[in-house]
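Notes follow once the structure below has been shown.
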Amino acid sequence: MYPHHREREQPIFSARAHVFQIDPNTKRNWIPASKHAVTVSFFYDANRNVYRIISVGGTKAIINCTITPSMTFTRTSQKFGQWADSRANTVYGLGFATEQQLHQFSERFKEVKEAARLACEKSQDKMELANTALSIAAPQDLSDELQSPPVMCVNGPEDKMFRSQSADFTLSSEKERIKKMLSEGSICEMNLEAELFTLQDSNSKLVAALHEANNNVEQWKKQLVAYQEETERLRDQVADLEAHGGHGPSDMLKDELTRSLEELEALLKAKDEEIHILQNKKEEYHEMEQEREEAIHRLQEMEMRNLELERRVQNVEQNLAASMEERDHTESEVQRAIEILDVKIFDLNDLRQSLVKLIDK
């Protein structure tokens with residue numbers, strides 16, 4: 001009667017792409033919604049039976065679009081596609097790294113759109129059936145309510161026997177509280193997963209940049225050694241030429257050598273600055289690595305918390321099932337007592353009629 005699994009929003013498909021939005025003023029130009037490629041995912045909400053496209057960049061949602069049967073994903077180029085969201089009054093664009101990724105996203109969009117159409121039709125059919133059932137059941141419920149006696153008296157003061165609705169109200173409020181706890185836990189888990197994806201993306205980019213920087217540093221070190229050797233050689237030549245006095249170089253040659261030395265020194269200075277910048281980036285990479293580890297630790301704590309919530313939900317569901325069974329048993333006992341009392345009342349009524357007849361005789 002009560003399933004032990006909890007319903008929540010489940011990811012269906014994910015892809016990485018650059019997200020754009022149409023300029024609301026011109027309706028022609030694209031405005032980048034993210035600096036880098038982000039994760040764009042299809043989600044299914046089992047509670048509301050709807051499909052959504054969600055993308056998170058940093059701490060805010062870039063895309064939060066509910067898919068409707070009227071939406072269409074259009075491929076405008078080999079690596080770019082777009083669709084319109086009338087609820088948000090905007091048009092989203094996605095730029096993929098390869099044509100294959102765009103094709104996969106387009107096919108999945110068609111599948112989810114068809115599923116959304118079927119879900120919409122199914123919900124409409126359920127609403128029509130519910131309205132029909134209510135219109136048919138209403139008169140019967142009213143007649144039952146009129147026919148059932150509200151009070152019963154047996155050998156004593158009046159005891160009003162009403163079927164209490166407090167148990168149903170307590171069970172429904174307990175269910176709502178549990179659903180609220182689970183929804184808060186799933187939202188926190190989704191935010192942590194999005195933050196983890198962002199940190200992993202930044203981590204991979206920083207690792208690639210670090211490898212490239214290390215390679216560039218090695219090349220620049222070799223060039224620096226070569227420039228230093230060239231500078232020393234030119235200085236030696238200048239010193240030799242100046243030492244020979246009358247056989248010295250002309251002013252034009254001296255100026256040319258001086259310019260060469262200045263250019264080499266400026267180049268050495270620029271390379272030193274680039275090496276300093278790369279060292280700073282390396283320190284930033286270590287900081288990002290620490291943040292990623294902290295996010296992983298927080299995600300593990302959230303998973304442990306979710307497990308504890310699931311355990312508590314299972315215990316509550318078992319208690320609810322036991323309460324329902326006990327209530328059903330109590331109702332059956334009360335019904336049986338009512339039937340016995342009805343028989344006793346009928347017998348007393350017969351006895352009364354018999355006594356009246358004897359008195360009349």
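Points to keep in mind about this one:
- Against the criterion of solvent-accessible heavy-atom surface with a 1.4 angstrom probe, Arg292, Arg312 sort, most first, into Arg312, Arg292.
- Whole-percent carbon and sulfur share, accessible surface of region 1-119, 1.4 Å: 50 percent
- Spin-label model, Arg312 to Ile12: label points 7 Å out along the Cα-to-beta-carbon direction sit 3.2 nm apart.
- Accessible-area ranking of Met304, Met324, largest first, probe 1.4 Å: Met304, Met324
- Per residue, region 204-361 exposes 78 Å² of accessible surface when a 1.4 Å probe is rolled over the protein heavy atoms with every protein chain present.
- Over all Cα atoms in region 242-361, the spread is summed up by Rg and Dmax: 50.7, 170 Å.
- Taking a Cβ cut-off of under 12 Å around His286, the surrounding Lys, Arg, Asp and Glu residues balance to a net charge of -3, with basic ones at +1 and acidic ones at -1.
- With 30 Å as the limit, the listed pairs Lys27/Lys79; Lys27/Lys113; Lys35/Lys221 have Lys35/Lys221 beyond it between alpha carbons.
- Anisotropy class of region 286-339 from Cα gyration tensor, a/c 1.5 cut: prolate
- In terms of its alpha-carbon gyration tensor, region 68-118 comes out oblate; a/c meets the 1.5 threshold, while b/c is at least as large as a/b.
- Overall form of region 311-361 per C-alpha gyration tensor (a/c, 1.5; a/b vs b/c): prolate
The values are calculated or read from the model by the stated rules, or taken from the named source; none is laboratory data. Not measured: the values here are computed from a predicted model. Cβ coordinates were reconstructed from backbone atoms using ideal geometry, including for glycine residues, and neighbour counts include every protein chain displayed. Accessible surface areas use protein heavy atoms only, side chains included; no ligands, DNA or RNA. Shrake-Rupley method; radii C 1.70, N 1.55, O 1.52, S 1.80 Å.
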